[in-house]
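A short worksheet on the structure shown next.
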Amino acid sequence: MITATGVSWRYGANPVIDGVSVTARPGRVLGLIGPNGSGKTTLLRLLYGALRGGTGQVVVDGDELPTLAAREAARRLAVVVQDTSGDTALTVAELVLLGRGPHLSTFQRTGRTDHEIAARCLARVGAAQLGARAVAGLSGGERQRVLIARALAQQATHLLLDEPTNHLDIRYQHEILQLVRDLGTCSIVVLHDLNLAARYCDDLVLLGAGGVAAAGTVDEVLDPAVLEPVYGIGVRRLDLEGAIHLLFHPIEQAVRERSVA
């Protein structure tokens, strides 16, 4: 479980998030949603310790995050950030093997078991054929899948992902998020697509104006009355065969439709 209480962060005099509290529960996928600039990535970075110097408290399985040694933190928290691996000289297999680092002693080299785990993780994200390729030569979508494979190889108890569907076509967007859901770990994912959030998340935190605009289950948060004032767009919700589908249209149209009704 990851619990954040009253966390705040500012860039200079500008607050990005202010007094935010969230809880990510074991075996569930928590989605962080909200408009651009609402602080989703900033909050995620606070939750895994990439940002220091803010206020508030982050606790991972009962331990305050700053008290965890780097190796122990890496055994608990696996992170997939926006792709920055394009200029590395590593092969795909070598990059995924880096995920085994938290499980090795200081001078220990990777062994057969580590290579087998890395290969399985590449296969799980549909990238088994990429092992010998140079990371620098991959497409954006291929790199994204490889970064997720590296996080899986880490075998951490928590998985945090910043817009993992970026650069992926529709098929892999769904396959990757279904994979995250099937892992059964405590997962936190930043998403822009609310329909993907509806399908693959259990709980949602909606950020807006520097704070939490709503938090709860997918059913509770994906309410047009909740979403419209935060996103500034009309929302129509359809519940079909047990699944939520959202349709969007200009806010003026939403006002006209309500007045006619």
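Computed from the coordinates by the stated procedures, all read-outs in this text should not be read as laboratory data. All values reported here derive from a predicted model rather than from experimental measurement. Neighbour counts run over all protein chains shown; Cβ positions are idealised from the backbone, glycine included.
For region 186-214 and region 20-39, write down the distance between their C-alpha centroids in whole Å.
5 Å
What number does region 86-155 give for Rg over Rh if you use C-alpha atoms and the Kirkwood radius? Each step should come with its number before you reach the end.
On the way: Rg = 11.3 Å, Rh = 11.8 Å.
Ratio of gyration radius to Kirkwood radius for region 86-155: 0.96.
Arranged by the count of other C-beta atoms within 10 angstrom, fewest first, what order do VAL20, VAL81 take? Present the calculation step by step, with values, prior to reporting the outcome.
Working: VAL20 24, VAL81 19.
With the fewest neighbours first, VAL20, VAL81 line up as VAL81, VAL20.
Would you mind calculating the gained length between THR106 and SER21 on full extension (0.36 nm times residue separation, minus the Cα-Cα distance), in nm to one decimal? All intermediate terms of the calculation are to be shown ahead of the outcome.
Working: separation 85, 0.36 × 85 = 30.60 nm, distance 3.60 nm.
Working it through step by step, the gained length comes to 27.0 nm.
Once the convex hull of the alpha carbons of region 29-174 is built, what does its volume come to per residue, in cubic angstrom? Working shown, then result.
Details: hull volume 20.1 nm³, N = 146.
Roughly 138 Å³ of hull volume per residue.
Considering just Cα atoms, how many Å³ per residue does the convex hull of the chain enclose?
Values: hull volume 38.0 nm³, N = 261.
Dividing the Cα hull volume of the chain by its residues yields 145 Å³.
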